[in-house]
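What follows is a single structure, written as structure tokens, with notes after it.
Coordinate-derived values only; no laboratory data. Everything quoted here is computed from the prediction, not taken from an experiment. No Cβ is skipped: glycine too gets one built from the backbone with ideal geometry, and neighbour counts run over all protein chains shown.
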Amino acid sequence: MTRRFWVYIEQEDGKAHPVAWELLGVARRLADEVNDNAVVEGILVGHNMEELAKEAIQYGAQTVYVVDDPAFKSYLNKPYTTALTALVKKYDPEVFLVGATTLGRDLAGAVATSIGTGLTADTTHLAMGEVKGTAQKLLLATRPAFGGNVIATIVCRDYRPQMATVRPRVFTSAPRQADAKGEIVREVIPITPDMINAEILEFITNDASSVKLEYADIIVSGGRGLGGAKGFELIKQLADELGGVVGSSRACVDAGWIKYDHQVGQTGKTVRPKLYIAAGISGAIQHKVGMQESDFILAINRDPHAPIFDVATMGIVGDLYEVIPALIKEIRARKEAQHG
Amino acid sequence: MTETNAPKNDLPEVYIDDILMSLKYFADEHEAHLKIIDPQVCVNCKEKPCIQFCPVGAYRTQDGGTVQIAFQSCVECGTCRVMCPPANVSWKLPRGGFGVAYKFG
Amino acid sequence: MDKNEKLEFDVIVVGAGLSGSAAAAIAARGGLKVAIVERGQNPGSKNYFGGALYTHSLLEIYPDLWDRKPPLERPVTETGFWFLSKDGMVKTTVQGGKVNSQPIDAYVALRAKFDAWWAEQAQKEGAFIIPKTLVVDFIRENGKVVGVKTDRAQGEIYAPVVIITEGVNNLLTQKLGLAKHDIQGDSAALAVKQLISLPAATINARFGLTDNDHGVAMSVMGDVSMGLPGLGFMYTGVDCVSVGVGVTLEALREAHIKPYELLQRYMNHPMIAPLLAGGRLMEYGAHIIPEGGWKDMPQLFTDGVLVAGDAASMVNALHWEGTNMAIVAGKCAAETAIEAHQKKDFSAQGLSSYRARLDQRFIMKDLHQYRNLSHFLKTHPDFMAIYPTFLNDALGMFFTGFGKPKGQLYKDILKSLTNRRPLLKAVGDIVAFGRTIIGI
Amino acid sequence: MFHALVSIKQVPDTTNIRIDPETNNLIRQGVPTILNPYDAHAVAAAVEWKRKLGGKVTIITMGPPAAVTSLRECIEMGADRAILISARQFAGADTWATSYVLAEVVKAVHEKDPIDLVFFGKQAIDGDTAQVGPGVAVRMDLPVVSYAVKIREVNLEERYVIIERKTESRNEVIKTSLPTALTCEKDIAEIPYASLPDLVYSLRYEPEVWTAESPITFEPALLGLKGSPTTVFKTGTPEKHAAGEVIKTAELGVDGVVKAALDKILGVEGMASMLGVQK
């Protein structure tokens, strides 16, 4: 029997969420871990999905099941849940991964309930492993709990598929191969009026000023070492140069230098960017717990004993007012070299 | 009085923020129970003992010599009300239910 | 139940601390309809001390105390003074004998836990606890207090008697004009404390305790306060240690030191650090202790109002008494309220028997006797620095003076004193201190 | 008359949880339990609309008897009725088994007293799964609008609601027919500071207690640990980051440290293209 490892290809207006490609990457790895007859397949629901289906193949989907209908143009929980539930029932996949985005978590929770299977939310580590009392390897889905203080590995023994939502940017994207071969299977899900129990009246683009720290790839944060509210102008310059957003330690928020929206840490936001630059932040535990999972942490601090250096991938002992302007200059120089 | 004036460098440096992690607060997002009455008075205050004596380090200076209060970390002891030399702190208790909540005491 | 009913009680108690919940319990037991208004999330969540509670005062409110299973930590079976020098310590402690005979006189406690339980007992007696509510003012009719205003909408609560047990920051007492002034910097101390978690077995080993039914309560003097007028303390809980230091507000301001750094310095002391090694910080906190005693006592009652506990400056700084005074005074206030209800007289005159009740107890007697203590410490600012250090030197020399002519030894010891303080002044200090505590 | 039901959870305050650095164990001692913050905002929203439209708010929770505290907090905010669903059989439920119980209770309440909106917090801070709300909605065949930030309109005559919800990249304004389920962000409503009479009323309020047998019965096989498809395989603590290299301007000069840092950052796969900077 074919063991299907499914990935939900999340899209909005025909554009895939990058997490979909990350999931195809991790699904491939999981499929390889079980080794026999395991295939990686993508599930795509929307309207005019032709191009996206091909893209999914390039990212490693061996088969893409496409539900393509004007009724699915924009995401609505019930029709999408109905479609996925029907597909799962038809093909009986072994594992089903969905991005832990707002859309993905909304959808996965409904689909799992509708099918009657287990779902592990917001996972950060996935593996196939032996579990006592079961013949086949199970999906070991690991996730943080209790505010990130504990990690728990969850299994779903008796129900299929084993579902998990996976936090974006935890896994690296599958490589894109232009010549990858795969099959596109069109599925028709009859939509009756009672399935459309909601209608989208309008879309509102979020105003640019709202801070999206949680999903930022690049964050430049300032701390008490800035010495005052003005210091954030420099932080903003560096953030703009890198295409990142501005974060802050609690001290600066308490001092009124910057708004609470920017606060990273225990009482602020937990972030996990690819690059976190901490400038003038001593590294109180309450700050560290909010950012220590970042992929790369660059800390700039005058005090060589600042605890922030304990979690930094790289630390610079020096005056941030010297280092950051130099850093901006160097980045600009390298960008120019690239274009010129 | 040789022994009463122990050198200050005798004091260990303490990261008060780390210590405050042990505390539970119900922070009032709507109302600051501590306020500086006249910012200019702080600018003119040379000593600024509040920076030192506040047991949670809630008082901090900013450029220009003004003083900011991180009222969210206040443990409501009252020292600043009593000891601010120019009596420039407007001191109230947080609204009912807000502020520090000791777990052990 | 009707949400629009007027909130009316026989007594309102402001603050569910030791004094407030004791008052509420006694008043409720006496048949009064009692409300306790507490500003914290729960009773106890704003309360903080060293410290130990005194059995006599708990038993006075609940003779069946032990059946109620109070959440106490260890009994105090060893107590006394530790005198710290820069790198040494002289201990003057007492254990066994009277200290270790049943009933044990003092128990270490953690206030957030204990006060929650203490309030629950008052609730069992019939008191109604209103938490999360701050009393901000009084309702007056014809100049008399007939209730309180809280910070909530439609926040009036009525009662002919209000017992104020609001604690050291007695803004309400001041508002009524009962306290003539705010806390005074020279007669109040800021105490900061860390509660350190350690396994019970480790505590037993380090403090020389046979089991969890033994514990220590220590006053620590000398190097602990860097010579400032202040004291350190150390108490053992079951699996935690309370370690803290208090310094008068004025000295703290003048010395320009951070209280938490002073505490850390104390905790780093070579005689103290090994006791705490490997411990984890459970909680930090700070609180003012009113040490002015008699001199700072407000007027204790007025029309419709009684004041007790820290709000009434009921602390004996030398003997670490305060909690017991608060509890007993709370009881006296409740008895007064019961009597006032019987006589239907809530005027100042009708409530004046509160003072008589307090006068008959140790509270007023002790506070009067020690009335000059804060003045003594103010006029002898280095008292706490000189003598503990001298004691360390003197005993250190005495017990290491082997192979030296002993005449020289005594001279050296005397010199170590007179280097610090001329002999006559030292004798004067001792006499003055003696007079202060005897109360003449 | 408007009838809102809010499903809440009492949770350990995860902002107060620590790991013992020595033993790596979770320190549970002294961790307060609180009303899940997102749920509190959901209750606030329900009460806000009740006050606009007239009607009532019912609160339900599945939890231990101590969860009464959180139910009272909801009453304090202005809710009218609270139900505690509490029995040993429910213990150990994962989100699937939890949504089964909650859905049955909501159905039972709905039968006697039809509900217009079923509110949930977007997620509970102890588990952070965000699954229970959508799960209950599916079991009841209700539309669900998750991550709601604002309720624009509730029209009881024409039986619709207009809700603004947050997605990854934008906000959507969705119209659904009543009854609808929604899961709420904190923006949905501010927590009110209750009046004294409301607070006093809540202190005296005794919630109804529903068990596994009464007043409705549940399928025993679907309850608690037994009824949960997922089980915890193992738990641990997150790996600690090892401290990395530290360089000093005092040694390498400002330009030196900047070049070294940038080289190291750009050496990480994908970083150069993300930053738009050449290696």
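Some values worked out for this structure:
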item	result
Signed unit charges on C-beta, dipole axis of the protein assembly as shown, positive-most listed residue D:ALA79, C:ASN268, D:THR33	C:ASN268
Using alpha-carbon coordinates, inclination of helix A:18-34 to the longest axis of chain A, degrees	60
Lys/Arg +1, Asp/Glu -1 at C-beta; the protein assembly as shown dipole; positive extreme among D:GLY54, C:ASN169, A:TYR215	C:ASN169
For the stretch A:3-195, average projected area of the Cα convex hull in nm²	10.7
Highest-MSF residue in chain B out of B:LEU11, B:LEU93, B:LEU23 [GNM, Cα springs under 10 Å]	B:LEU11
Sequence-distant residues sharing a close amide H with C:CYS240 (under 5 Å, placed H)	C:LEU198
Average beta-carbon neighbours from other chains, 10 Å sphere, peptide A:314-322	6
Inter-site label distance for A:LYS89 and B:GLN40 at 7 Å from Cα along Cβ, in nm	7.7
Helix-derived mean residue ellipticity, 222 nm - over chain C, DSSP H n ≥ 4, -39500 (n - 2.57), to 500	-11000 deg cm²/dmol
Built amide H within the under 5 Å cut-off of A:LEU140, gap 5+	A:ALA127, A:MET128, A:GLY129
Integer Hz, Karplus 6.51/-1.76/1.60 couplings in order for the stretch D:160-172, x for Gly and Pro	9, 9, 10, 10, 9, 10, 9, 10, 3, 10, 6, 9, 10
Residue of A:LEU140, A:LEU242, A:LEU24 that the Gaussian network model of chain A assigns the largest fluctuation, springs spanning Cα pairs under 10 Å	A:LEU242
Average projection area in nm² (convex hull over Cα atoms of the stretch C:188-290, one quarter of hull surface)	6.1
For the stretch B:9-74: rounded, prolate or oblate by the Cα gyration tensor [a/c cutoff 1.5]	oblate
Pairwise centroid distance, computed over Cα atoms, of the stretch C:311-379 with the stretch A:1-37, Å	75
With Cα atoms, 0 to 90° folded angle of helix D:95-112 axis to chain D main axis	30
Within straight-line cross-link reach of D:LYS52, aspartates and glutamates at Cα separation under 13 Å, skipping those fewer than 8 residues along the same chain	D:GLU153
FRET efficiency estimate (nearest 0.05) - Cβ-Cβ, A:THR172 to A:ASN37, R0 25 angstrom	0.45
Rg and Dmax of the stretch C:374-438, Cα atoms only, in Å	13.7, 45
Hypothetical label at B:GLU29: residues of the stretch A:269-293 whose amide nitrogen lies under 17 Å (7 Å Cα-Cβ projection)	A:269-270
Intensity falloff of the protein assembly as shown expressed as log10 I(q)/I(0), Debye formula with alpha-carbon point scatterers, at q = 0.05, 0.06, 0.10 Å⁻¹	-0.40, -0.57, -1.37
Karplus (6.51, -1.76, 1.60) ³J(HN,Hα), θ = phi - 60°, over the stretch D:80-89, in Hz, Gly and Pro reported as x	9, 9, 9, 10, 9, 9, 9, 6, 4, 4
In Å, descending, principal axis extents of the Cα set of the stretch B:38-93	27, 19, 17
Protection proxy ranking of D:193-204, A:169-180 - average other beta-carbon atoms within 10 Å, highest first	D:193-204, A:169-180
Under the Karplus curve 6.51 cos²θ - 1.76 cosθ + 1.60, θ = phi - 60°, whole-Hz ³J(HN,Hα) for the stretch A:100-108, x wherever Gly or Pro sits	8, 8, 4, 5, x, 6, 5, 6, 4
Reference-scaled alpha-carbon Rg (2.2 N^0.38 Å with N residues) for the stretch D:66-157	1.14
Cα→Cβ-extended label distance, 7 Å offset, between A:ARG332 and C:GLN154, nm	6.3
Alpha-carbon gyration tensor eigenvalues x 5, square-rooted, for the stretch A:208-339, Å	20, 17, 15
Alpha carbon convex hull of chain A, projected area averaged over orientations, nm²	20.3
Sparse-neighbourhood loop sites, trypsin sites (Lys or Arg not before Pro) in the stretch C:268-359 - DSSP loop, at most 12 other Cβ within 10 angstrom	C:LYS344
C-alpha long axis of helix C:111-125 to longest principal axis of chain C, angle in °	30
Scattering profile of the stretch A:149-270 at q = 0.12, 0.16, 0.22 Å⁻¹ [log10 I(q)/I(0), Debye over alpha-carbon scatterers]	-0.81, -0.99, -1.23
Distant-in-sequence amide H partners of B:PHE26 (H built 1.01 Å from N, under 5 Å)	B:GLY99, B:VAL100, B:ALA101
Listed residues A:ALA251, A:ALA279, A:ALA61, most fluctuating in chain A (Gaussian network, C-alpha, under 10 Å)	A:ALA251
Calculated FRET efficiency for the pair C:GLN102/D:ALA243, C-beta based, R₀ 41 Å, to 0.05	0.15
